[in-house]
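The values are calculated or read from the model by the stated rules, or taken from the named source; none is laboratory data. Keep in mind that what you see is a predicted model, and the values were worked out from it rather than measured. Cβ: placed from backbone, ideal geometry, glycine included. Neighbour counts: every protein chain shown.
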Amino acid sequence: MALLQKVVGTIFLYVLTKAIYLIYLHPLSKYSGPKSWILSRIPYLVYMNSGKLPFRIKELHDTYGSVVRVSGDELSINDPQAWRDIYNRRDMLRPSQWGGRPPGVEAHSLISAPAADHARFRKALNPAFSEKATREYEPVVRAYIEKLLSRLDVAATKGPVDIVEWANFTTFDIISEITWSKSYGCLDKATGHAFMGVLLHFQAFLVAASIKYFPWLDRLLAVITPKSAFRLLEDIFQDTHERLHARSMIKEPSHADLVGHLKLHQEQAADADKFREAEIEQNILTVIVGGSETLTTAISGAFHHLLASPRVLSKLVHEIRSSFAKEAHIDTNALSKLPYLNAVIDETLRLCPPFPDMLRRQVPASGAIIAGHAIPSHTTVSVSCYSMFKSASYFSDPDSFLPERWIDGRDGAEAREAFHPFALGPHNCLGQPLARMEMRLMITLILWRYDVGISKGDSLRKWDEQKIYWTWEKQPLLVGLSNVDA
């Protein structure tokens, strides 16, 4: 009994001492936050795995201000200057919990790569997603959107269509075609590819990241998890390998693609800058995930808010239909000059950011000055797009869908400084020009051909009622389509 009392007393003393240190003596003790979050990572992880973390982080910023201590060693910063101070630095990398590689994979991708490898990857990949390269992809993008419209012509005669589902089919086909000149055939089959459920299963990704906060548990699971649990993931890697091999056999593809750009890079680069084959495969999978999921969010988010805002929808439809004499005249160059269309897209990205969660980075050993605060080394810091873009400090009437704010400048220059939906710096989204091209073309061509509306008897749920597992868990969005020429 005496031994047990000593053990319990020792544990109690340890917990008490640690609590006092974390709250009063830790280098981050001057930053406010909920005490339970500072003392334990558990509340943070519970909110994250229940799909509610970004919403809770927004509430914490409303309560505590622009800098919130969300864990013993982590700060969320809601200040426009933080974008530049964090994400413009090459030595601010993802924490180890968020930069891991899939089980059994040794090759790095853009997500997991150390600074030198990341710079090497971006140097090779950037030309494939430049403004010039993106213009070369326009016929491919247009062809798949035309295929989408032909499928919608048929589907709409049977009742409302799910814009989320069809946007996902389209973006998945487009990015795979642009990657290696062969789509996954989602639009042809009107069904998602079997791999989509794995590649886009972000909830599992969050569970894996959560486990890594407890190294002993991570090591234990690595030992006891059977290899069969990763069979489908291995199938994806094998399929990727086979598709790359098939593409390498094509000497003259019908259009430019990512593999073609990488092939040219491999021929011209110094040996130290070249990709290993496994690195090509892992980066291609990263591109496919990023180039499909983010676009599906943006497109479905745009239609959600247009349906919820009849005034905005009517104004956008008028701009589109009065700007072109016929559908064939619609192209990316002309669409880039339509002020209201582009304002609708920006407002969609503000309320439905593709990555609403926290973009976590770790402060290097030298420390950092972020938004005027001296942050000690090894602190995790982040900007949450959801919190920043819905902050009343930077956006007037932040919960309302008001594209006009991007035209009349009502929110001032600071709103632009706060708004970086594709992040900033060397780790920003690789395919921003392609993303905007797809959004402009898909939204415009759908609204050119169809009158859209909510079916009689159906209701539109609030966008923010959906959960966030790193990205949005999108519920079906049923839309009635009526062909304008019918």
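Odds and ends about this structure:
- So P353, is it assigned to a loop (DSSP other than H, G, I, E, B), at pLDDT 95 or above and crowded, with 20+ Cβ neighbours inside 10 Å: yes
- Helices (runs of 4 or more DSSP H) contained entirely in segment 2-107, each with at least 2 residues that are modelled with pLDDT of 95 or more and in contact with a strand residue (DSSP E or B) (Cβ under 9 Å, 6 or more places away or on another chain): 35-39, 42-49, 53-64, 80-87
- Residues of segment 406-430 that are in contact with a Phe, Trp or Tyr (Cβ under 7 Å, 6 or more places away or on another chain) and either of a type in the set (S, T, N, Q) or more than 26 Å from W98 (Cα to Cα) (or both): D411, E414, A415, N428.
- Of all residues in segment 356-367, those that are buried (at least 20 other Cβ atoms within 10 Å of the Cβ) and either aliphatic (A, V, I, L, M) or in contact with an Asp or Glu (Cβ under 6 Å, 6 or more places away or on another chain) (or both) total 3.
- Residue in segment 400-423 that is touching a strand residue (DSSP E or B) at 6+ places or on another chain (Cβ under 6 Å) and touching a residue at least 40 places away in the same chain (Cβ under 8 Å) present: no
- Within segment 360-465, strands (runs of 3 or more DSSP E) holding 2 or more residues that are more than 22 Å from G301 (Cα to Cα) and modelled with pLDDT of 95 or more: 368-370, 373-375, 380-382
- Yes/no for G431 being more than 22 Å from G290 (Cα to Cα), touching a residue at least 60 places away in the same chain (Cβ under 8 Å) and in contact with a Gly (Cβ under 7 Å, 6 or more places away or on another chain): no
- Where a residue in segment 2-31 is loosely packed, with under 11 Cβ neighbours inside 10 Å and its partner, wherever it lies, is modelled with pLDDT under 80 and part of a helix (DSSP H, G or I), with Cβ under 7 Å and at least six apart: none
Table: residues versus (1) of a type in the set (G, A, S); (2) surrounded by 14 or more Cβ atoms within 10 Å (Cβ to Cβ).
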| site | (1), (2) |
| --- | --- |
| T380 | no, yes |
| S384 | yes, yes |
| M388 | no, yes |
| R410 | no, no |
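- Within segment 92-115, the only residue that satisfies the criterion of being in contact with a Lys or Arg (Cβ under 7 Å, 6 or more places away or on another chain) and of a type in the set (K, R) is R94.
- Within segment 146-168, residues that are of a type in the set (F, W, Y) reach partners that are outside any helix (DSSP H, G or I) with beta carbons closer than 9 Å, at six or more positions or on different chains, in the pairs W166/A190.
- Taking the criterion of being surrounded by 15 or more Cβ atoms within 10 Å (Cβ to Cβ) and either touching a Cys at 6+ places or on another chain (Cβ under 6 Å) or of a type outside the set (K, R) (or both), the residues of segment 240-268 that qualify are T240, L244, A256, D257, L258, V259, G260, H261, L262, H265.
- Filtered by the rule that a residue be closer than 19 Å to V161 by Cβ and out of contact with any Pro (no Cβ under 6 Å at 6 or more places or on another chain), segment 467-478 gives K474, Q475, P476, L477.
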